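Here the structure is laid out as structure tokens; the discussion comes afterwards.
No lab work stands behind these numbers, since they all come straight from the coordinates. Because the structure is a prediction, the values reported are computed rather than measured. Positions of Cβ are backbone-derived with ideal geometry, glycine not excepted, and every protein chain shown enters the neighbour counts.
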Amino acid sequence: MSTVQRNMSLTGKPPKTINIQQKIASALGLLGLLLLFLALFNLNFPNKSVWLSASLVMIAAGTIWFAAAAYIDKHEGIKNDGVYFKSLSSRGFWAWILGITITLFYVVLYWFPQYLGLVKDGDNTGIVALFDPLSKFLNGGPASQWFLYGTLYTIAILAFGIKFILKYRHNKYEKLRTFSVMFFQLGFAFLIPELMQRLNSESFKLPYYDLKNIWPLNYYNFEQYRVNEFISAGDIGLGLLLFGVASIFIITPILTYKYGKRWYCSWVCGCGGLAETAGDPFRHLSDKRQIAWKVERWVIHSVLVFVVLMTTAVVHSYLGNDSSKYWLNKDVFLISVAAFLTLIFAGVWIFKREELQKDARIGSIAYFVIILSLIGLHFASGKTLFLVNAENLRQSYGFLIGAVFSGVIGVGFYPIFGSRVWCRFGCPMAAILGFQQRLFSRFRITTNGGQCISCGNCSTYCEMGIDVRAYAQKGENIVRSSCVGCGICSAVCPRGVLKLENGPLEKRIDSNEILLGNDLDLMNYVNGK
Amino acid sequence: MEHIVIIGNGISGITAARHIRKLSDKKITIISAEADHFFSRTALMYVYMGHMRWRDIEPYENCFWEKNRLELKKAYVETVDTNNKTLHFKEGGSITYDKLIIATGSVTNTYGWEGLKLNGVQGLVSKQDLENLEKNAPNNKKCPRSVIVGGGLIGVEMAEMLRTRNIEVSMLVREDAFWTNALPKTEAEMLSRHIKSHGVNLRHNSELDKILGDENGNVRAVLTKDGEEIPCCVVGITTGVKPNISFLKNSEIETDKGILVNRMLETNIQNVYAIGDCAQQRQPIGNRPPVEAVWYTGRMMGEALAQTICGKPFQYNPGNWFNSAKFFDIEYQTYGWVFSESRKKDYEAQFHWKCASDLRSITISYHKENDEFLGINTFGIRMKHEVFDRWLNEKRSLDYVIQNLKQANFDPEFFKNYEKEIQIAYTNQSVIV
């Protein structure tokens, strides 16, 4: 996550023409950052809560002021002038500097928190110590590197969210969507879990739980220590655990059926929230080539298989053997997983076979056969489930996917690969929702008759790298797994061709060789209607 | 194998090529002197404005052409020898064809002003024009002031482009509001106000007399017919376009303003066809002008001709007229025919509504006698093509259209609706009449 970029112009004018207000705003934001840096290098501030507040307020105020100075006196409308001329938003020098800085921040955050001043037994030092007062105020305990990260993350979404709202103030869909991600980040991801920590005592402990963070994005939700804590926390804990399960099997399928995966990915999710706000200046950097789409399909679904295997192995490892003690034992669990996967596999192949591309067919069969044979092998020969120790699976997933992919690459590389790399190539939650969106949802982007002029604004500003134009110029609606429904394609379209809609499943895609506007006979003849 | 040669890789030629490939295995060669690959001409402006790079306005990836066996040749066709079915290139060499499709589009239309040859005088039609503008007006240090001659779609695009680099723009418009030869007065005036609000010095009732140069052959200023001298470094000529057919001068292909074609898009020479901006219908179709320089009509001609070439003869038979554009922040769509004051039919009446914001308006034209719905202009409100196309075919009444306007709305979710306001305005107006 970035708090560095406010010093660079992200708006219609090249950096050298930023106005005086923007210069002052940049200075203010940078001063706030400087305070954090001083703390990082162990300058011990006397009155931490004052200095921390000053720093955070300056960073947020600088960002918002900068945005206001950039947009307020301009007309309402699309603000993409000069995007490809600016170093920061076109993979220039400043983009690399920013990318490397964020990447380093993530490396330190994940693997070397001691450099941030985290002290395991004893008082924190450095920048983590600066956050102690706020942490104590919210949850009663000292700060950790994650508290620091969460605070900065939330401030980034709030400040850049306001910037985004100013930028798209003519567009109510964008405004509401951004209010929503700001609300869920501040309330659900930050304040509620922190305050919930206050409920904890010697006899009662809830795991840190961001309610909207659903498995498999929240890949650790069903790990043993958490499940133990849920269960031992009585009705509330059990309720939360059940909510976690219901989120996967009941709540998300219903909402995705009705509204598409956008209800989560661009209205609720924290990763999406950061991408849509702080990541907005980099949305056009996503790779639109067909080859990227091919890679995307293999990688994201492989991550999904990985998380399913990992979670199955982990849950399996701590369940009991004896069904008389508790109904859900190792074997029942494994058989349920196998049965559930078979059900989905069979359902898709029976009802939706025509909609599967060649690689989807190969992939689905291959992964299905591999998973079932591994489960079978375990039952037949008693070998370790999935041949790898559950703890090893868990650790490698946490390292490779949880840290490297979603954090270091996902956010660190915003200025190079665009803001949705994690969401597009990595997020297993997005894979599940996308799978459902593609096959069983009312959501689509409707194309308006024959009005497309193939200009390419939609494809260029699609953060998910969807070649929207390829569909629009065929008069075809866009129904793609990866679409997060951000609505920017529709906003930037100069001819009013695209609209995000929920509608009936019939004729959801509807491709045309001959577009509306031509000879009716010819349209009927060629389009086969 | 029959060899189809297409001159021009714009929307018309490429659409024809794509459809011929879909329907057949014929050998297809596309010749262009302008660009290596097809690009969206309507998107030229976005490259200069920094919204997109050149490759972003190319709708197909480079592998597309080889995959679909569409051979591309970059060359300028100098002569067309229809007797020997041979094209000769300026660069030397030639190519033979079995069937020839001419889809060479338009060039900037000028009116023979003095000074057109000066450096810095240019139109905005081709890739080369874009490159020239980048050279002539890279920033407001090198080019602090510009003049645009003519107020139409290309003129306003050019104004928007130059304004993104903070270059002063003076726009000379002959009429007393922007694009009055196409738009009803109230809309033209609304657009004039909007264009001015973007810092464009829009001069109504103003005409170019001549362009003045300095000793190096660069533009120094323009002189208007009122005798005013406006200093500038760039002069954008945007007084319309005309068919790009000068290379046919010595051929046997019959031309007028454009290449004369019948409804089958055939020229006077067998196996030679013309589509898109460069074609001129011998008999105009309905209310359409004989030369239609519009993206959509080019595409439709390509769609129709591909069928004919592949053995399923289809006339070019466009359906209801439609078009769209964007003027700075105001989007415009039109369905059916809404005529400007000067071109209004004697049976045509119009209902106008304008939003208090001065950013949205609609005009619905209808038949005076029977109230039949004839067409709609919509500014700042997106509407559904399919719905209006259907209503026009069904010959719905003005009443019906007003009452059901909501069905046609295509604005993004949560946007404010204006149907009620429009209906109230309509009712009040009816009472007065």
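If a paramagnetic tag sat 7 Å from the Cα of residue B:430 along the Cα-Cβ line, which residues of segment B:321-349 would have the backbone N under 17 Å from that point? Within reach of a label on residue B:430, which here means backbone N under 17 Å from a point 7 Å along Cα→Cβ, segment B:321-349 contributes B:349. Once the C-beta distance of residue A:101 and residue A:57 is scaled by a Förster radius of 25 Å, the resulting FRET efficiency is 0.70 to the nearest 0.05. Hydrodynamic estimate: the Kirkwood radius of the protein assembly as shown over Cα pairs, inserted into Stokes-Einstein at 4 °C and 1.567 mPa s, corresponds to D of 42 µm²/s. Neighbour counts of C-beta atoms inside 10 Å place A:463, B:58, B:254 in the sequence B:254, B:58, A:463, starting with the fewest. Among A:353, B:382, the order by Cβ neighbours within 10 angstrom, fewest to most, reads A:353, B:382. Note on residue A:195 and residue B:114: their simple-model spin labels are 7.9 nm apart, each label 7 Å out from Cα toward Cβ. If I take all pairs of Cα atoms in segment B:1-150, what percentage of them are more than 23 Å from each other? Cα-Cα pairs in segment B:1-150 separated by more than 23 Å: 47 percent.
Where only DSSP H runs of four or more residues are counted, chain A gives -16500 deg cm²/dmol as its mean residue ellipticity at 222 nm, each run worth -39500 (n - 2.57). Tell me whether segment A:63-149 comes out rounded, prolate or oblate; compute the Cα gyration tensor, take square roots of the eigenvalues as a ≥ b ≥ c, and use a/c under 1.5 as the rounded threshold. Oblate is the answer for segment A:63-149, as a/c is 1.5 or above yet b/c matches or exceeds a/b.
Taking amide hydrogens as placed 1.01 Å from N in the peptide plane, the amide H of residue B:331 sits under 5 Å from those of B:380, each at least 5 positions away in sequence or on another chain. In chain A, Cα pairs under 8 Å separated by at least six residues give a relative contact order of 15 percent. Helix check for chain A. Which DSSP H runs span at least 24 Å along their own axis by Cα, with a mean Kyte-Doolittle hydropathy no less than -1.0? Passing helices, by number: A:20-40, A:48-71, A:93-111, A:145-167, A:290-318, A:330-351, A:358-381. Which pairs in the list A:48/A:136; A:74/A:167; B:90/B:117; A:294/A:499; B:141/B:225; A:79/B:420 are over 19 Å apart, alpha-carbon to alpha-carbon? Those over the limit are B:90/B:117; A:294/A:499; B:141/B:225; A:79/B:420. With r defined as the distance between the Cβ atoms of residue A:379 and residue B:63 and R0 fixed at 45 Å, what FRET efficiency is calculated, to the nearest 0.05? Computed FRET efficiency for residue A:379 and residue B:63: 0.45. With a Förster radius of 45 Å applied to the C-beta separation of residue B:98 and residue B:367, the computed FRET efficiency comes to 0.40.
Sequence-ordered 3J(HN,Hα) estimates for segment A:186-197 from the Karplus curve with 6.51, -1.76 and 1.60 and θ = phi - 60° stand at 5, x, 7, 7, 10, 5, 4, x, 5, 5, 4, 4 Hz, glycine and proline given as x. Expressed in nm², what is the orientationally averaged projection area of the convex hull enclosing the Cα positions of segment B:191-288? Averaged projected hull area, Cα only: 10.5 nm².
Projected label points at residue B:421 and residue A:298, each 7 Å from Cα along the beta carbon direction, are separated by 5.4 nanometres. Remark: mean inter-chain Cβ contacts per residue of B:402-415 equal 4, using a 10 Å Cβ-Cβ cutoff to other protein chain atoms. Peptide B:51-63 has a mean of 6 when you count, residue by residue, the C-beta atoms of other protein chains within 10 Å of its C-beta. Is the C-alpha gyration tensor of chain B telling us rounded, prolate or oblate? Criteria: a/c under 1.5 is rounded; beyond that, a/b larger than b/c is prolate, otherwise oblate. Oblate. Using a ≥ b ≥ c from the Cα gyration tensor of chain A (square roots of the eigenvalues), is it rounded, prolate or oblate, where a/c under 1.5 gives rounded and otherwise the larger of a/b and b/c decides, a/b for prolate? Since a/c reaches 1.5 but b/c is at least a/b, the shape of chain A is classed as oblate.
When Rg and the Kirkwood radius Rh are both evaluated on Cα atoms of segment B:300-433, their ratio Rg/Rh stands at 1.03.
Only one residue of A:370, A:344, A:273 has its Cα farthest out toward the positive end of the dipole of segment A:270-407, where Lys and Arg carry +1 and Asp and Glu -1 on Cβ, and that residue is A:370.
Can you give the extra length, in nm with one decimal, that the chain gains between residue A:34 and residue A:19 once fully stretched, where that is 0.36 nm per residue apart less the Cα-Cα distance? Computed gain between residue A:34 and residue A:19 is 3.2 nm.
Computed extension gain for residue A:391 through residue A:93, at 0.36 nm per residue and net of the alpha carbon distance, reaches 103.1 nm.
For the segment A:77-86, counting C-beta atoms of other chains within 10 Å of every residue's C-beta and taking the mean gives 5. For the charge dipole of segment B:1-114, defined by +1 on Lys and Arg C-beta atoms and -1 on Asp and Glu C-beta atoms about the Cα centroid, which residue among B:8, B:65, B:97 has the Cα displaced farthest towards the positive pole? After comparing all options, I get B:65. Across segment B:214-344, the mean sequence separation of Cα contacts (distance under 8 Å, 6 or more residues apart), normalised by length, yields a relative contact order of 13 percent. Between residue A:400 and residue A:507, what is the label-point separation in nm under the 7 Å Cα-to-beta-carbon projection? So the label points at residue A:507 and residue A:400 sit 4.6 nm apart. For segment B:129-223, the Cβ-based charge dipole about the Cα centre amounts to some 320 debye (Lys, Arg positive; Asp, Glu negative; other atoms uncharged).
For residue B:321, the residues 5 or more places off, or on other chains, whose built amide H falls under 5 Å of its own are B:336. With neighbour counts taken as other beta-carbon atoms within 10 Å, the residues B:198, B:367 rank, fewest first, as B:367, B:198.
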